[in-house]
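Scroll down for the structure; my scribbles are underneath it.
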Amino acid sequence: MSSDTDRISSLTTIGTVSYILHLIVAVAGVLPGAQMGVGLLIVAAVLDFVKRDDAAGTWQESHFKWRLRSVLIAGVLYLLTWPLWLLLLVPGWLAWTAISIWFLYRMIKGMVRMNAGRPVES
């Protein structure tokens with residue numbers, strides 16, 4: 001029983017670190033001139049990818065999937081809207097701001113649910 005408690009505790013610590021890194025990235029994406037996110041995003045995504053198998057069969061598993069799916073979707077959306085930056089600055093900024101707000105929402109929702117000991121729904 002203690003082993004399961006230790007496992008969940010360890011996964012919660014990893015999840016907290018990952019959510020905080022993702023939150024920093026999301027906030028930096030909304031604030032002009034605060035683009036520090038790519039490196040932190042990669043660190044958080046690698047952490048989630050490497051540790052996701054440890055969460056298999058626990059309520060934490062949904063959080064690892066949630067974060068990885070969020071990064072994948074946001075990354076695709078950023079790539080798809082990149083041409084807007086090159087062609088029209090304002091629409092590009094608006095698109096990236098919207099994506100970052102969506103990403104921020106997902107990270108806050110996930111962290112709140114994790115801290116309540118609940119999984120996230122896809």
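Quick note: the coordinates plus some simple rules give every number you see, no bench work behind them. Keep in mind it's a predicted model, so treat the numbers as computed, not measured. In this analysis, Cβ positions are derived from the backbone assuming ideal geometry, glycine residues included, and neighbour counts consider all displayed protein chains.
Summary of values
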| read-out | value |
| --- | --- |
| Descending Cα extents along the principal axes, the chain, whole Å | 58, 23, 23 |
| Region 2-115, relative contact order [Cα under 8 Å, separation at least 6], % | 32 percent |
| Fully extended contour minus Cα-Cα distance, from A56 to N115, at 0.36 nm per residue | 19.4 nm |
| Residue-wise HN-Hα coupling along region 104-115, computed from phi with Karplus coefficients 6.51, -1.76, 1.60 (Hz; x: Gly, Pro) | 4, 4, 4, 5, 5, 4, x, 5, 4, 5, 5, 5 |
| Total formal charge among the other residues, if their Cβ is under 13 angstrom from that of F103, Lys/Arg +1 and Asp/Glu -1 | +4 |
| Between 0 and 90°, nearest 10: helix 61-87 axis offset from the chain longest Cα axis | 10 degrees |
| In nm, spacing of pseudo-spin labels at R7 and L40 (7 Å Cα→C-beta vector) | 3.1 nm |
| Crossing angle, helix 2-30 versus the chain [Cα axis fit, 0-90 degrees, rounded to tens] | 10 degrees |
